[in-house]
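> So that we are looking at the same thing, I have put the structure below in structure tokens.
The values are calculated or read from the model by the stated rules, or taken from the named source; none is laboratory data. The structure presented is a predicted model; accordingly, all values stated were derived computationally and were not measured. Positions of Cβ are backbone-derived with ideal geometry, glycine not excepted, and every protein chain shown enters the neighbour counts. We work out accessible area using only protein heavy atoms, side chains counted, and drop any ligands, DNA or RNA first. Shrake-Rupley method; radii C 1.70, N 1.55, O 1.52, S 1.80 Å.
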Amino acid sequence: MTIPTVTLNDGNQIPQLGYGVFKVPPADTERAVAEALEVGYRHIDTAAIYGNEQGVGAAIAGSGIPRDELFVTTKLWNDRHDGDEPRAAIGESLDKLGLDAVDLYLVHWPTPAADNHVHAWEKLIELRDAGLTRSIGVSNFLVPHLERIVEATGVVPAVDQIELHPAYQQREVTDWAAANDVRIEAWGPLGQGKYDLFGVPAVAEAASAHGKSPAQVVLRWHLQHGFIVFPKSVRRERLEENLDVFDFALTDAEVAAIDAIDPGDGSGRVSAHPDEVN
Ligand code: NAD
């Protein structure tokens, strides 16, 4: 099976569907990632704060898959934005992952109270120029944060990784990203299982029309919007199910019906707001 790739604004390619390991316990990570690689995933999304980079690295090392066939993302945690901390942090991540460089390194949150995301972004530019990461991006950045780093450095992030699912579509950010050649990575693509997304008629009807599961319909909706996704599961059957989304397409009407799920007032958000994480 071939997973489509998306071209980033720096020319690098990223598999549009990957495997995210937030909340995969460190002790289970090697097995879970090994299984994901076995069933066909080639893009892994982790972060220093997840505490499981070592397990990701062990699974990669054990897989025998050539490095250039894998796409690995990790992220700079909030307490390491200052001074030369980003360089120390990526060094520690690379050691744990057993890699010379990652494919994508992200500023995990803008931490507006600390007012240091411009500095962190300047450091990521240096890390990219030093060859420690092929691409650089941000996560949980809202439009004012994005505008600020671009204005300060002239360097546009390759991606913004934000909470995004049918009930919370963040159109202000996605519109800015589309206008500025930034790809959107949708975290919590299934709403983190925190609300009954699957009970929503637009999702259930499309699922029965295509003989697919509600999760597959929601992932397909992301893909048809051009979003990059990496749903998390530790169950092999769900890893397979979440990858099996390339043999059908939602109609324009089905996409529009799922677009209409977002109440538009922010109430669909299931996790932290970027202004609250410092
Ligand atoms: P998700 O939307 O992928 O939800 C995961 C949950 O959905 C699972 O625990 C499971 O309960 C359920 N699920 C998965 N597959 C299913 C299926 N086929 N059918 C039914 N239920 C299913 O949420 P997530 O894990 O938070 O997000 C995905 C990835 O995004 C993370 O693993 C992580 O890599 C990344 N992420 C990034 C940030 C950030 O701040 N940058 C925050 C959260 C997550």
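> Which of the residues spanning region 100-118 are touching a Phe, Trp or Tyr at 6+ places or on another chain (Cβ under 7 Å) and of a type in the set (D, E, K, R)?
Of everything in region 100-118, just one residue is touching a Phe, Trp or Tyr at 6+ places or on another chain (Cβ under 7 Å) and of a type in the set (D, E, K, R), namely Asp103.
> Checking the condition within 12 Å of the ligand (Cβ to nearest atom), of a type in the set (Phe, Trp, Tyr) and under 18 Å from Gly20 (Cβ atoms), which residue from Phe198, Phe227 passes?
It is Phe227.
> Another one. Could you please find all residues in region 141-181 being over 19 Å from Leu219 (Cα atoms), touching a strand residue (DSSP E or B) at 6+ places or on another chain (Cβ under 9 Å) and open to solvent by 10 Å² or more (accessible area, probe 1.4 Å)?
Within region 141-181, Leu142, His145, Val155, Trp176, Ala178 qualify.
> Okay, moving on. Of everything in region 23-54, what is of a type in the set (Gly, Ala, Ser) and over 21 Å from Glu185 (Cβ atoms)? Give them in sequence order.
Selection gives Ala27, Ala34.
> Quick check on region 1-47: of everything there that is aliphatic (A, V, I, L, M), part of a helix (DSSP H, G or I) and open to solvent by 10 Å² or more (accessible area, probe 1.4 Å), which residue is farthest from His222 (Cα to Cα)?
Ala27
> Within region 132-144, identify whether any single residue is more than 25 Å from Gly91 (Cα to Cα), outside any strand (DSSP E or B), more than 10 Å from the ligand (Cβ to nearest atom) and hydrophobic (A, V, I, L, M, F, W, C), and answer yes or no.
yes
> Across region 62-79, what is the number of residues that are touching a helix residue (DSSP H, G or I) at 6+ places or on another chain (Cβ under 9 Å) and either assigned to a helix (DSSP H, G or I) or open to solvent by 40 Å² or more (accessible area, probe 1.4 Å) (or both)?
The qualifying residues number 6.
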